[in-house]
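Where a number appears in this text, it was derived from the coordinates with a stated rule and is not lab data. The shown structure was predicted, so the numbers you read here are calculated from the model rather than taken from an experiment. Positions of Cβ are backbone-derived with ideal geometry, glycine not excepted, and every protein chain shown enters the neighbour counts.
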């Protein structure tokens with residue numbers, strides 16, 4: 001199959017001004033490309049590093065289409081973009097991932113129906129639009145589940161745990177704003193994610209699986225290797241490849257999965273872009289997820305996904321640290337610990353302000369180093385204090401797991 005290659009110094013466009021757009025822009029510039037950003041804020045993280053920025057609404061199909069005319073290829077850094085705008089852009093330039101993939105991932109019912117139709121296992125779920133439908137679904141699920149808004153949910157926003165009557169009133173409130181999905185509660189050993197890239201020639205590359213731990217519904221720690229055993233690791237990578245091929249993906253996609261107590265892998269959600277859990281690829285792998293995004297967008301051969309260290313871990317830096325400590329970038333940094341700040345001017349609680357990655361000889365060592373660096377950054381401990389304790393909760397010999405709500 002002959003695919004047109006988009007060589008540097010072409011203009012690459014990214015719709016979205018957050019940290020994922022910022023890191024994409026930096027990767028593209030290192031490869032010699034020029035980068036234009038369509039953003040809703042002039043001083044957004046991506047706009048700060050781009051060669052050119054255009055400010056507008058993500059729902060303005062005309063503005064996004066006009067932006068698309070000025071670039072040689074275009075990608076997205078988050079899902080919540082008007083489908084009309086994505087399709088309008090595709091009329092004027094190369095768009096990867098394709099708009100239909102973006103559209104499917106925007107709506108939880110559409111996403112789950114797509115996965116089920118292609119034979120991929122998910123948690124049991126019901127699409128609900130009324131209180132009566134919500135309660136009927138909960139009866140079927142034994143009054144034990146999670147309500148999630150069908151659209152615009154991330155980092156725990158727009159979802160609530162329901163156990164009996166607990167959480168029901170909040171679910172009703174969310175339902176008043178729009179339809180949702182009720183998922184059955186899954187007792188699982190851990191959440192895994194695989195970042196998969198596929199170019200227009202059908203070449204596929206994968207990272208992971210990464211093991212993810214959450215705190216207050218927000219991703220807190222990701223680590224590779226996931227310590228799930230060779231068989232589960234191979235199944236997770238194969239599952240991600242199958243999803244990418246079924247969607248005929250051109251671009252980068254994160255496949256989030258539950259590993260159940262009995263060893264099954266259930267697809268939780270899809271993110272058609274680089275993912276928070278994949279940040280450890282920047283220092284942990286020969287080609288980062290952002291470098292791979294550039295390659296897939298431009299029709300290039302994909303880069304190596306060989307790990308450059310036995311293990312790598314990532315911890316998020318939330319705005320809470322700016323309120324609860326005294327952040328100081330000078331406290332972080334070594335030949336195996338790396339600080340990434342996103343350039344966000346206003347720290348807010350639960351807002352992702354940056355991340356720290358660390359490499360190590362083992363997964364446990366990498367997590368300890370990353371957590372210790374975060375504590376030092378926040379002024380909560382001396383850089384020379386004993387390393388933070390950690391527990392890797394997805395050991396292949398584990399007999400049980402902890403149920404938890406998982407968000408994008």
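Consider a paramagnetic label point 7 Å from the Cα of residue 349 along Cα→Cβ; state which residues of segment 304-331 have an amide N under 20 Å from it. Counting backbone N atoms under 20 Å from the label point, the list is 316-327. The slack between residue 3 and residue 132, meaning 0.36 nm per residue of separation minus the straight C-alpha distance, is 41.3 nm. Between residue 187 and residue 286, the FRET efficiency estimated from the beta carbon spacing at R0 = 30 angstrom works out to 0.25.
Springs between Cα atoms under 10 Å define the GNM used for the chain, and in it the highest mean-square fluctuation of 206, 359, 330 occurs at 330.
Based on Cα contacts under 8 Å between residues 6+ apart, the chain shows a relative contact order of 15 percent. The rule of thumb for compact globular proteins, 2.2 N^0.38 Å, goes into the C-alpha radius of gyration of segment 11-95 0.94 times. On alpha carbon coordinates alone, what is the Rg over Rh value for the chain, Rh being the Kirkwood radius? The Rg/Rh ratio comes out at 0.95. Structure remark: mean-square fluctuation, Gaussian network model of the chain, C-alpha springs under 10 Å; the largest value among 132, 31, 309 belongs to 132. Taking the helices alone, the chain has a mean residue ellipticity at 222 nm of -8500 deg cm²/dmol, built from -39,500 (n - 2.57) per DSSP H run of at least 4 residues and averaged over all its residues.
Using a Gaussian network model of the chain in which every pair of alpha carbons under 10 angstrom is joined by a spring, one finds that among 378, 66, 28 the greatest mean-square fluctuation is at 66. Working from label points 7 Å from Cα in the Cα-to-Cβ sense, the residue 262 to residue 80 distance is 3.7 nm.
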